[in-house]
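Here's the structure, in structure tokens; my notes come after.
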Amino acid sequence: MIDPAKLYRKLLRLYPASFREEYEAPMERQFRDEQREAQNWSEHIRLWGHALSDLAISVPRETLRETGQDLRFALRVYRRRPLSTALAVGALALSIGVSTGVFSVADALLLRTLPFSDAAHLVQLRLSPFSAANGRAGFAAWHDHSSYLESAAAFSTSEMNLNAGRDALRVRVSETSANFFSLLGAKSDLGRTFASDEDKPGQAHVAVISHRLWQQAYGEDRAVLGATVHLNGTPLTIVGVAQPRFDYPDKTDVWIPTVFDFETVPKRGAFLWQTIGRLKPGITMAQARQRFKTEASHVSPDSFRRDDHQYPELVALRDQITSGVRQLVLILSTVVLLVLLTACANVAQLLLSRTTERKQELALRAALGASRSRLVQQLITEATALTLAGAGLGLVVAFGASRLASVALPAELATQTYTLLEWRVLCFAVVLALVVGVIFGVMPAWLIGRLQPSAQLTRVQPGASEPGTRRLRSALVGLQVALTLTLIASSITLGEAFLRLLDADLGFHPANVVTLNVSLQGTRYQSGSAEWQYYSAVLDRLRSISGVDSVGAINYLPLAHNVYMASAIKLDSGQQVQTVVLNGVMPGYFQTMRTRLVAGSDFTMDEGNAPEPPVIVNEVFARQAGANVTIVGRRIIAPWTTRPYLISGVVATARLAGPEYDGGPQIYWPVQEEPPPALTFVVKVSGDADEYLAKCRDAVATIDRDVPVYEVQTLDQRLRETLARPRFYTTSVLFLGCLALLLAVIGVYGTSSYAIAQRRHELGVRMALGALPVNVRAMILRQSLTPVGIGMAVGIGGAIWSGHFLQHLFVGAKMPNFPTCLDASTLMLATAILAAWCATVRILAIDPIDALRAE
């Protein structure tokens, strides 16, 4: 049984140190006396009620009173060294601010609640795209007979043309099962979602639109309910508007309940159905994964392929949604943590310096009766005050970082909302400051535990630091240098990779080129001849614009990630070229893009009906066809027709999937031969391309308002979007590396400056005995740079280790090699020498007589 008096003594520890020193013993004696006088259980309850109420009132009051005293004393202490205090607060503000800004991004992307009901129980069933279970049979199996899913829903996404009686729009459409919204727990902001039987054949065709589309296309007009829209020419009735934050999957604009019905809304292209589900209560993810693989082996044996370990797999829906950015956020968080540790090392050095300088004061307070706990409380209060001041300024830095995020982040991140008003972000900043303050307030308290008042008061140099303290300060400097060198090497590595991207030969010139897309799906241009007539009309209309030099069109524009590929193309010589990208172009495309024609001739407008239609291949295709083969004039057997095609030319290789990827073999066929449902037109202009965007869009739109004209951009803009991710990685790591370098320089400068201040008497004796100032300066410089050298050795290892993460940021980043580590080490050493040299300028001002007289 617990002794009530011992329990009360433990509760008294809630009081601050000085209060306990004075009143703990009398309060405990009084409690014991009252406990002995209590005759029955009601008096004991009254005793404890009085004791607890007294604690509840007096503990906060005494804590605030004593904390106020400690804070006032801390302000007086920091006022004595304003420069070092300002540097420490500034370092903390930058590091805590950047950390908070990155956390706000992580909160928005990874932690903030999804706009679904009970999102933790939502999963996605990932099957091979070629599995037979990606259809009606597989969906029914999981929807009706699953042992671990409450329910399942299926969907497929694509882009379609939307016509609502005004200019046509290109929108992203999700075809879903009728229970899609109910499974996710998503409500409508206006109207309703789907009824349970609206995905059955013969039902009325309905649609739910996104809140974003309702704002942009309908101006938030509530009369949108019941309105008829045409999706790829099919009439649909709008029955609801989704919630503001709901756009799953993949930023959907329109949802239609036509699951597995390939004829309701006609379109071209393959279907890829995906299935999501909600776990039954009590089913864990581990249990669900095991049962899913067992069921998948029966429902879809073709999902299991020995060469593909990705399928089948059951994943949490949150992980699936954030998979594209999770790695980015985690790597950035790791880099920011390194910067924060560097700043914390600065704070630790400052607090250790202050504690060493104040040893005589602390020893005197201890000799006068101050307990160790009271001194520790004072030091922790001082450290916490410093870090809270840094956190306050850090929120200003974080606000600026979050504002920059909306501009600098890649498109998939910039669409999120980053705010410092989220309670998690504010709590993160405050808790981070408190943790740093307590940790680095306890470190100086370690010195208090070794404090001997009598020895300190009789020491000739009371402020001199002990060997243990000097070693600890040197270790902190080494830690700063190691972390900084790792970040600098990472910055150099990413910078080199990014420069390689910029210098890469794209196979075309993006300057002064306007691009725009058109799609003929669901319009009156459905036959091949009608499609070709429309494309020819667009070509003529764009050429008629004043200032236009040339015009062309292509099926898949360079830098696009959606391309059409053939597994193999066979030549009449018997040679096969593997994994070839197929692309349709109109005459004038290569001239407009300034793609170099290596051999042969370009397309003309009358070649579509030739007995052997021409095709143009790129240099990679020609090289893989065989070094001894004259490629022009050869024939190929294309997968889309039985007629042979004649290779009429060879062009430079364009990087279709982005500049970070090497270009593969490509074949260009004339659009007139097989017009695709959508084309991207390219327009070379003689002036600034931005000034022609509206002219080109209006010129094409006037041909037929039912044909959407979308993604009207300059080719330079598209290139910048493609480079957004690597540019953001490089800029972020470079900025954080420079910040860490600044913090390390402050640390080295502070160490050297502090060594001179603490050893002023010793240096005065040396100079009085004949030592030259330059020799004394070299000695301090050598001692200050010793931990720098050790830290650099550790940092080189960290730089090599960081290469494993850098290679995941973007294709082209390599492991830091010896020259990279040498460059980073040279920069680190040069700045450290400069900082230490500047700090030792004070040695030249030392007068030996004054130094000896001062002691």
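When each of the peptides 779-790, 66-77, 167-178, 335-346 is scored by the mean number of other C-beta atoms lying within 10 Å of its residues, the order from highest to lowest reads 335-346, 167-178, 779-790, 66-77. Take 535-548, 477-490 and order them by the average number of nearby Cβ atoms within 10 Å per residue, most first; the result is 477-490, 535-548.
With R₀ fixed at 56 Å, the C-beta to C-beta distance from residue 570 to residue 189 puts the FRET efficiency at about 0.55.
Packing-based ranking of 734-744, 88-98 yields 88-98, 734-744, ordered from highest to lowest mean Cβ neighbour count within 10 Å. The simple Förster model, with R0 at 25 Å and r as the Cβ-Cβ distance, assigns residue 688 and residue 594 a FRET efficiency of 0.90.
Give, as a single signed number, the net charge of other residues whose beta carbon lies under 13 Å from the beta carbon of residue 512, with Lys and Arg counted +1 and Asp and Glu -1. Within the 13 Å Cβ shell, the charges total -3.
Charged neighbours of residue 717, selected by a Cβ distance under 12 Å, balance to -2 (K, R count +1; D, E count -1). Using a simple spin-label model with pseudo-atoms 7 Å out from Cα toward Cβ, residue 5 and residue 284 lie 4.8 nm apart. What a 1.4 Å probe finds exposed on segment 487-528 is 54% carbon and sulfur by accessible area, rounded to a whole percent.
If I model a spin label at residue 40 and residue 439 as a point 7 Å from the Cα along the Cα→Cβ vector, what separation in nanometres do I get? With each label placed 7 Å out from Cα toward Cβ, I get 5.6 nm.
With 0.36 nm allotted per residue and the present C-alpha distance subtracted, the residue 29-residue 14 stretch has 3.7 nm of extension available.
Share of carbon and sulfur in the accessible area of segment 672-735 stands at 49%, probe radius 1.4 Å. Working from label points 7 Å from Cα in the Cα-to-Cβ sense, the residue 83 to residue 227 distance is 6.7 nm. Fully extending the segment from residue 720 to residue 203 would add 181.6 nm, taking 0.36 nm per residue of separation and subtracting the current Cα-Cα distance.
The values are calculated or read from the model by the stated rules, or taken from the named source; none is laboratory data. This one's a predicted model, so the numbers in the text were calculated from it and none came from an experiment. Quick reminder, even Gly has a Cβ in these numbers, built from the backbone with ideal geometry, and neighbours come from all protein chains shown. What goes into the accessible areas is simple: the full protein's heavy atoms, side chains included, and nothing from ligands, DNA or RNA. Shrake-Rupley method; radii C 1.70, N 1.55, O 1.52, S 1.80 Å.
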